[in-house]
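Note sheet for the following structure.
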Amino acid sequence: MSTPVCQTVSANTDVLGIGIRINFYSTMLLLAIIPQTPNTNELLNTLYITAGTSGFGLLLTAIIQTALHRLSLFHALFILHILFFLGTGVSPMGKYHWARSRIAMGVLLQYTSVVSFTAWGLYLWVHVKDFGSQPECNHQIKYVLFFVTVRATAPWLRGLWIAALVFSAVVLMVFFGLMAWTLFSMKRMERAELKGTMLARRSTLTAEASEKAWYRSANFPLLGSAIYSTIMLELTVARNAANVLSDGTNIGRGVVQVDDAWEFGQVLSVVMIFANVNEIIHFLLGLYSRWRHGETEETTQGSELELQEQPTTAVRAAPGLSYSRTYTRTHTTSRISGDIWN
């Protein structure tokens, strides 16, 4: 039986389309450049939820296509790279009654996301030489690491990724466990005691934020991570791209066909960018209105607390715990401030 010869890797617009890439890159950059302040908590929460849901959809696509043997090694590496830096997760958009069952559900969902992504990633690297729909091309797939092009099947690269996946999964699961324990402990506190603690903490944070310049509130490590992941991924795409002539001859540097056709999946991804832009516009309009009327974040939130004391107002919500290797800690903190303190 003859060994299959690699021609080119077929295009996969469900994974590598231009719209999908623009959506993920813009989301990562927005999450990195918007500073973490009391005024921006709600905006960041919405962006985190959008990013986490998009990542979760991409993870499900990867798992399903892997099971059906329709995902190539290159496209699997593309998904792995995006999700490692952006993450996945499902968090509630609204603020609902803060119950132990919601805390347990949030932790369970995020543990499921962590385990699913890690298990899929480990399966990919353990079978990297014969992974996917076109294993005969795997030895020609390249990966860019710190601007250096290496073979994706290199043993040391496989070991590095396996170690990174296991380490990050352990850290995230411990972090989510500690957060769940903290929330359950807060749930046992008396309502008056909890309110007093949260009011004091909010007042301190608001005072600290008002004294900080905007650049001190920005998260430059996240910005660096977003820029690095975007550049490395685009270099990986460029150095693997094939250039197939009409007669079938490939004159490109790589073996992967890249189809940038604007199909439904690509258009939908760009529409999600418009949703983020719409959220930012509403945030800016609200911020301008608050500034124009001389309101501060502390004044506004104090009024909200008074409204929450009315019998018809729902009790504080439990925070969502969005799974993201890059943005987990920031997002979890913002969800606590948005759901518990409001």
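The values are calculated or read from the model by the stated rules, or taken from the named source; none is laboratory data. Everything numeric in this text was worked out from a predicted model, so none of it was measured. Every residue, glycine as well, gets a Cβ built from its backbone with ideal geometry; the counts of neighbours run over all protein chains shown.
Would you mention how many residues in segment 128-167 are within 25 Å of the chain's Cα centre (by Cα), more than 24 Å from A238 (Cβ to Cβ) and surrounded by fewer than 18 Cβ atoms within 10 Å (Cβ to Cβ)?
The qualifying residues number 5.
Suppose the filter is farther than 21 Å from L124 by Cα and surrounded by fewer than 21 Cβ atoms within 10 Å (Cβ to Cβ); does I64 pass it?
Working: farther than 21 Å from L124 by Cα: no; surrounded by fewer than 21 Cβ atoms within 10 Å (Cβ to Cβ): yes.
So I64 fails the test.
Assuming R100 fulfils every condition listed in (1) of a type in the set (D, E, K, R); (2) surrounded by 13 or more Cβ atoms within 10 Å (Cβ to Cβ); (3) within 27 Å of S72 (Cα to Cα) apart from one, which condition is it?
Of (1) of a type in the set (D, E, K, R); (2) surrounded by 13 or more Cβ atoms within 10 Å (Cβ to Cβ); (3) within 27 Å of S72 (Cα to Cα), only one is false for R100: (3).
Only one residue in L321, L233, L305, L284 is of a type in the set (A, V, I, L, M, F, W, C), at pLDDT below 75 and not in a loop (DSSP other than H, G, I, E, B). Which one?
Values: L321 fails: not in a loop (DSSP other than H, G, I, E, B); L233 fails: at pLDDT below 75; L284 fails: at pLDDT below 75.
From the options L321, L233, L305, L284, the qualifying one is L305.
May I ask you to say which residue of T27, T37 is of a type outside the set (G, A, S) and outside any loop (DSSP other than H, G, I, E, B)? Working first, answer last.
Working: T37 fails: outside any loop (DSSP other than H, G, I, E, B).
None of the others qualify; the one that does is T27.
Condition test on T206, is it modelled with pLDDT under 80, farther than 30 Å from F84 by Cα and in contact with an Asp or Glu (Cβ under 7 Å, 6 or more places away or on another chain)? Working first, answer last.
Values: modelled with pLDDT under 80: yes; farther than 30 Å from F84 by Cα: yes; in contact with an Asp or Glu (Cβ under 7 Å, 6 or more places away or on another chain): yes.
For T206, the condition - modelled with pLDDT under 80, farther than 30 Å from F84 by Cα and in contact with an Asp or Glu (Cβ under 7 Å, 6 or more places away or on another chain) - is met.
Would you check which residues across segment 20-40 are touching an Asp or Glu at 6+ places or on another chain (Cβ under 9 Å) and more than 22 Å from V244 (Cβ to Cβ) and list them?
Those that are touching an Asp or Glu at 6+ places or on another chain (Cβ under 9 Å) and more than 22 Å from V244 (Cβ to Cβ): Y25, T37, P38, N39.
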